[in-house]
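One structure is given here, and the rest of the page talks about it.
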Amino acid sequence: MKSPTKLRFALVGAGVIGNHHQKVMKELSSEIELVAVVDLELPKAEKIAFAHDALAFTSLSEALANCDFDAVAVCTPTGAHAEVGIEALNSGKHVVIEKPAEISLAATDEIIAAQRRSGRQVTVISQHRFDPAAEILMEAISEGGLGRLTSGVAAINWWRGQNYYDSGDWRGTWALDGGGALMNQGVHTVDLLVAAMGKPVEVFAYTACLAHDRIEVEDVAVGVVKFESGALGVLHGTTAAYPGLSARLQVHGERGSAIIDNDQLTFIHTTPVGHPRAEKPFGVSDSANQIDRHKVSNGSIPTAGANPGQLSDAHRYQYSNFLASIRGDEELRVGLAENRQSLSVILGAYESAQTGLPVRLT
């Protein structure tokens, strides 16, 4: 019998990211019941299903025919998101899609059309928008503390060994991974750049594969983005920066700046509206005092040292918003439209790298 207080989920994809999702569901067990697990490799599905007293299947169609649930978490390779998500929506289910929505705007638009027909909720995992550091930054921007935004930098300086790409036939392919350093690893940082800077309208980029074998996609990408406001952005994404450094977001405005490094707010300086700017010598800041002030004003939200960006924590924040939106208690914070904007930057960068021309974004 269906619980009146819990949303019943089917998890499609029992790999690494699917395992993270099931952990979040367990952490939210007072609100979520995982009743079905789907994977082409049945033993993988059975392993997770056993931990939740759920049923295991090899296809969503089979799960739909034999099990009753309300929502589907899509954790397949990216190039299969639309197929699974649309089947779920056509069956009247709410949907959580692991990032990004799909590998093309056309496939993403097909999911959007299916959502409109179904009237169900769809969220695309963009969990770092829910990090305390990001929330402090977005609040500072909305309050005008950074003034007019002038530039932003999204830098993903990571290393992935050859064994990472060799661990799955789909990794590093255009058909299922949809891209490399920008699409697979950099999408979250690009998403934060878009969340901070606003609507992107044009991108120009170069890409290359310089440190890996047997992959189709890039391990280095650099580019520039123009935003509707007139602000400019810089993209740098790589999985060829040995031994691996951080993912970093910089946002600059005419009244303040902020830096998020490895999900931690490491610098913020704001000038409240109505207050004069205090000019400072180059390289001098009061970032520690500013961070402390923002912690207090935001209810002692943790910043550096609290690991707010750990995958399960950040996913849990987004799942909680998704559940609250279904109940009607909150607005859905990250839907398909928001993810589409971030995806358009990455796909536009790939098109630009192929053509050698700037790409207007739609």
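Being touching a helix residue (DSSP H, G or I) at 6+ places or on another chain (Cβ under 8 Å) and open to solvent by 60 Å² or more (accessible area, probe 1.4 Å) is the filter; apply it to the range 208-219 and report the residue that is nearest to Arg160 (Cα to Cα). Can you show your working first?
Step one: filter the range 208-219 for residues touching a helix residue (DSSP H, G or I) at 6+ places or on another chain (Cβ under 8 Å), giving 212-215, 217-219.
Narrowing further to those that are open to solvent by 60 Å² or more (accessible area, probe 1.4 Å): 213-214.
Values: Asp213: 12, Arg214: 13 Å.
Across the range 208-219, the extreme among qualifying residues is Asp213.
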Discussion item. Given the condition in contact with a Leu (Cβ under 6 Å, 6 or more places away or on another chain), open to solvent by less than 30 Å² (accessible area, probe 1.4 Å) and farther than 23 Å from Ala133 by Cβ, answer yes or no: does some residue in the range 220-241 qualify?
Written reply: yes
All-but-one check, Leu146 against (1) under 24 Å from Ser352 (Cα atoms); (2) modelled with pLDDT of 95 or more; (3) crowded, with 24+ Cβ neighbours inside 10 Å, failing number (1)
Pairs returned, first residue in the range 208-234 that is closer than 16 Å to Gln341 by Cα, second residue that is among the aromatic types (Phe, Trp, Tyr) and open to solvent by less than 30 Å² (accessible area, probe 1.4 Å), beta-carbon separation under 8 angstrom, 6 or more apart or interchain, are Gly233/Phe227
Filtering the range 53-87 down to residues that are under 25 Å from the mean Cα position of the chain (by Cα) and free of Cβ contacts under 8 Å to residues at least 40 places away in the same chain yields His81, Ala82, Glu83, Gly85, Ile86, Glu87
Out of (1) under 24 Å from Gln22 (Cβ atoms); (2) surrounded by 16 or more Cβ atoms within 10 Å (Cβ to Cβ); (3) more than 15 Å from the chain's Cα centre (by Cα), the one Gly168 does not meet is (2)
| task | Kindly check whether there is at least one residue in the range 264-284 that is open to solvent by 60 Å² or more (accessible area, probe 1.4 Å) and closer than 28 Å to Leu361 by Cβ. | result | no
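For (1) part of a loop (DSSP other than H, G, I, E, B); (2) not acidic (Asp, Glu), each residue gets a yes or a no:
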site	(1), (2)
Asp169	yes, no
Gly179	yes, yes
Leu182	no, yes
His188	no, yes
Leu192	no, yes
Ala196	no, yes
Tyr206	no, yes
His212	yes, yes
Note to self: Condition check: of a type in the set (A, V, I, L, M), closer than 17 Å to Met138 by Cβ and surrounded by 17 or more Cβ atoms within 10 Å (Cβ to Cβ). Does Ala258 satisfy that?
What the structure shows: yes
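Return the residue satisfying two criteria in turn: it lies in the range 149-165 and is part of a strand (DSSP E or B) and within 30 Å of Ala211 (Cβ to Cβ), and of such residues it is most open to solvent (accessible area, probe 1.4 Å). Break it down into steps so the answer makes sense when it comes.
Applying the first criterion (part of a strand (DSSP E or B)) to the range 149-165 yields 149-157, 159.
Still in the list and also within 30 Å of Ala211 (Cβ to Cβ): 151-157, 159.
Values: Ser151: 39, Gly152: 1, Val153: 38, Ala154: 1, Ala155: 14, Ile156: 2, Asn157: 33, Trp159: 81 Å².
Selected residue: Trp159.
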Practice prompt. Might you let me know whether the range 33-52 holds any residue that is under 23 Å from the mean Cα position of the chain (by Cα) and farther than 23 Å from Phe322 by Cα?
Written response: yes
Checked pairs for the range 92-113, first free of Cβ contacts under 8 Å to residues at least 12 places away in the same chain, second open to solvent by 20 Å² or more (accessible area, probe 1.4 Å) and outside any loop (DSSP other than H, G, I, E, B), C-beta under 6 Å and 6 or more apart or across chains, list as none
Check the range 13-21 and report whether any residue there is in contact with an Asp or Glu (Cβ under 7 Å, 6 or more places away or on another chain) and assigned to a loop (DSSP other than H, G, I, E, B). yes
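Among the candidates Arg316, Arg340, Arg360, single out the residue that is farther than 22 Å from Val190 by Cβ and either at pLDDT 95 or above or in contact with a helix residue (DSSP H, G or I) (Cβ under 9 Å, 6 or more places away or on another chain) (or both).
On the way: Arg340 fails: farther than 22 Å from Val190 by Cβ; Arg360 fails: farther than 22 Å from Val190 by Cβ.
Residue meeting the stated conditions: Arg316.
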Residue count, the range 20-38, condition in contact with a Phe, Trp or Tyr (Cβ under 8 Å, 6 or more places away or on another chain) and either open to solvent by 10 Å² or more (accessible area, probe 1.4 Å) or not small (Gly, Ala, Ser) (or both), comes to 9
Exception for Val124 within (1) surrounded by 24 or more Cβ atoms within 10 Å (Cβ to Cβ); (2) more than 15 Å from the chain's Cα centre (by Cα) falls at (2)
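The values are calculated or read from the model by the stated rules, or taken from the named source; none is laboratory data. Given the structure is predicted, the values throughout are model-derived calculations rather than measurements. Note that we place each Cβ from the backbone using ideal geometry, even for glycine, and neighbour counts take in every protein chain shown. SASA here: full protein model, heavy atoms, side chains in, ligands and nucleic acids out. Shrake-Rupley method; radii C 1.70, N 1.55, O 1.52, S 1.80 Å.
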